[in-house]
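Novice: Encoded as structure tokens, here's the structure I'll be asking about.
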Amino acid sequence: MGPMRAACQFARSLIALHASVTRVTVDLYGSLALTGHGHATDRAILLGLSGQEPATLDPDAVDALVTSIRSTGRLLLAGRIPLDFREESDLRWERETLLPPGSRTQHPNGMRFRAWSGETQLLETIVFSIGGGFLLADGESTAQKSPAQAPLPHPFSSAAELLDAAHRANLRIDELLLANECALSGLTPSQVHERILAIWSVMDACMQRGIATEGILPGGLKVRRRAHRLAARLESVQPGTAPDPLAALDWLTVYAMAVNEENAAGGRVVTAPTNGAAGVVPAVARYYLRFVEDADTAGLLRFFLTSAAIGILYKENASISGAEVGCQGEVGVACSMAAAGLVAARNGTNGQVEHAAEIAMEHNLGMTCDPIGGLVQIPCIERNAMAAAKAVHAARIAMQEPEEHKVSLDQVIRTMYLTGLDMQSRYKETSLAGLALNNIEC
């Protein structure tokens, strides 16, 4: 998502130079170069330069558009300017260089976009993809990225501050975040709820596509989709058969795998918090609606608002980028978000929400990002299913325990970040170590 958004923004910035642009080149660095083919970064760049954005792109039109660009060697820059674009010369994978030359932002997912008129360079933009579709311009910090805004009614920058603000205002965490969101966006609570349910509808549609679709996932691993077969097996239980007490766990696996199989196939997912970890939150949400007694839309809204509050804490105080802190920052954060959300959906206390989020991350600490072949398939798809189950387990533990516990969410977030910094880059979305290196072809 980040590369597509960056390419789209660059293409639109060239509209004023319309007549002068004769060529555009893109250089990819760090993890984007090392695992970019497996993450479909090349396709994302082509689509972004063509003016496409992740939220509005028709997934069914992607293959035809990319095939057309590759077969003709031409694209419509920003959807308006016909331009030759040859991938072999205009899209370069700088696998030996960590950062774009002269860049100041020290993040491993770097991109350099350049526009040319003949041999004269007209414009150069360096941008970084920092996870979840978020971008940073070169030299920009996350603090600078935050737009100026009116004071929030309940500001917080840590879990302790979040709990304290909620206690002082006598609010649940979801109510606090809703008030902040309304102040930030200018929307009414009903409008925010409508947007949340729109996001859920995209998640749910993704799950349904994943469950309905069979076949082999793209890429050289020839991984077969499993969500469809597992769902069919679960639905084929004969009448009178003794109920399986763990069937709900199997359905949780179906939901998470369905989403991440769609992600691996280039379908539309919701970053929650990232594409590679997109299956955990929707799987636990669907589990709540189907298997929790008295589940309703109000509970679903509590789930998403609370999950968002926890996600904010990780993004602002640590990282959600596998290239920066390993998979603990993607699947680990998703697990923590989903666990907190499930407690809120089930009317747990704010203290139990914080406890569940802490438990979920505590047992994902140190998780590496080592996708085989650079593809978001092995171990990523199964890892989302495992994290969804872990989120449900963490929520259940938190709701059965007193609110007091030894390790706080703030401490575990800080630990996650420091662990990620200590982790060798070989284990952070480079496919240079771990399973990616030690997988033996049979």
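None of the figures in this text is laboratory data; all of them are computed from the coordinates on show. Keep in mind that this is a model prediction, so the values were computed, not measured. Please note: Cβ atoms are built from the backbone with ideal geometry, for glycine as well, and neighbour counts cover all protein chains shown.
Novice: Measuring from label point to label point, each 7 Å out along Cα→Cβ, what is the Ala137 to Asp164 span in nm?
Specialist: With each label placed 7 Å out from Cα toward Cβ, I get 3.5 nm.
Novice: Take every Cα pair under 8 Å in the chain that's 6+ residues apart, average their separations, divide by the length, and report that relative contact order as a whole percent.
Specialist: 15
Novice: By the gyration tensor of its Cα atoms, with a ≥ b ≥ c the square roots of the eigenvalues, what is the shape of region 1-119: rounded for a/c under 1.5, prolate for a/b over b/c, or oblate?
Specialist: Oblate.
Novice: Got a sec to turn the phi values of region 35-45 into Karplus ³J(HN,Hα) couplings, 6.51 cos²θ - 1.76 cosθ + 1.60 with θ = phi - 60°, whole Hz, x for Gly and Pro?
Specialist: Result, ordered by residue: 10, x, 4, x, 8, 6, 5, 4, 5, 4, 5 Hz.
Novice: Among Ala212, Leu313, Tyr287, which residue has its Cα furthest toward the positive end of the charge dipole of region 159-438, with +1 on Lys/Arg Cβ and -1 on Asp/Glu Cβ?
Specialist: Farthest towards the positive end: Ala212.
Novice: Same structure again: What's the center-to-center distance, using Cα atoms, between region 373-435 and region 5-81 in Å?
Specialist: 32
Novice: Under 29 Å between C-alpha atoms is the cut-off here; go through the chain and count lysine pairs that meet it, provided they're at least eight residues apart or on different chains.
Specialist: Total qualifying Lys-Lys pairs in the chain comes to 9.
Novice: Next question, about the same structure. With a 10 Å cut-off between alpha carbons and a GNM built on the chain, which of Thr349, Thr67, Thr97 moves the most?
Specialist: Highest fluctuation among the options: Thr67.
Novice: How would you order 133-141, 295-303 from highest to lowest mean count of nearby Cβ atoms within 10 Å?
Specialist: Peptide ranking by packing, descending: 295-303, 133-141.
Novice: Mind giving me the nanometre distance, one decimal, between the label points for Trp93 and Leu234, set 7 Å out from Cα along Cα→Cβ?
Specialist: Each label point is offset 7 Å from its Cα along the Cβ direction, giving 3.6 nm.
Novice: Also: Please report the Cα spread of region 317-442 along all three principal axes, rounded to whole Å, starting with the longest.
Specialist: Largest to smallest, the principal-axis extents are 48, 28, 17 Å.
Novice: Per the Kirkwood formula on distinct C-alpha pairs, the Rh of the chain is how many angstrom?
Specialist: Evaluated on the chain, it is 22.6 Å.
Novice: So, one more: Once every DSSP H run of n ≥ 4 in the chain is given -39500 (n - 2.57) and the sum is divided by its residues, what mean residue ellipticity at 222 nm do you get, rounded to the nearest 500 deg cm²/dmol?
Specialist: After summing the helix terms and dividing by residue count, I get -15500 deg cm²/dmol.
Novice: So for each of 42-48, 419-425 I average, over its residues, the number of other beta carbons within 10 Å; can you give me the resulting order with the highest mean first?
Specialist: 42-48, 419-425
Novice: Continuing with this model, one more query. Arranged from highest to lowest average of other beta-carbon atoms within 10 Å per residue, in what order do the peptides 78-84, 352-358, 310-316 appear?
Specialist: Result, highest mean Cβ count within 10 Å first: 352-358, 310-316, 78-84.
Novice: I'd like the antiparallel share, as a percent to the nearest 5, of DSSP beta bridges with both residues in the chain.
Specialist: The antiparallel proportion sits near 80 percent.
Novice: Here is a follow-up. Could you derive backbone 3J(HN,Hα) for region 109-126 from the dihedral phi with the Karplus parameters 6.51, -1.76 and 1.60 (θ = phi - 60°), listing whole Hz in sequence and x where the residue is Gly or Pro?
Specialist: Result, rounded to whole Hz: 9, x, 9, 10, 9, 9, 10, 10, 10, x, 9, 9, 7, 8, 7, 10, 10, 10.
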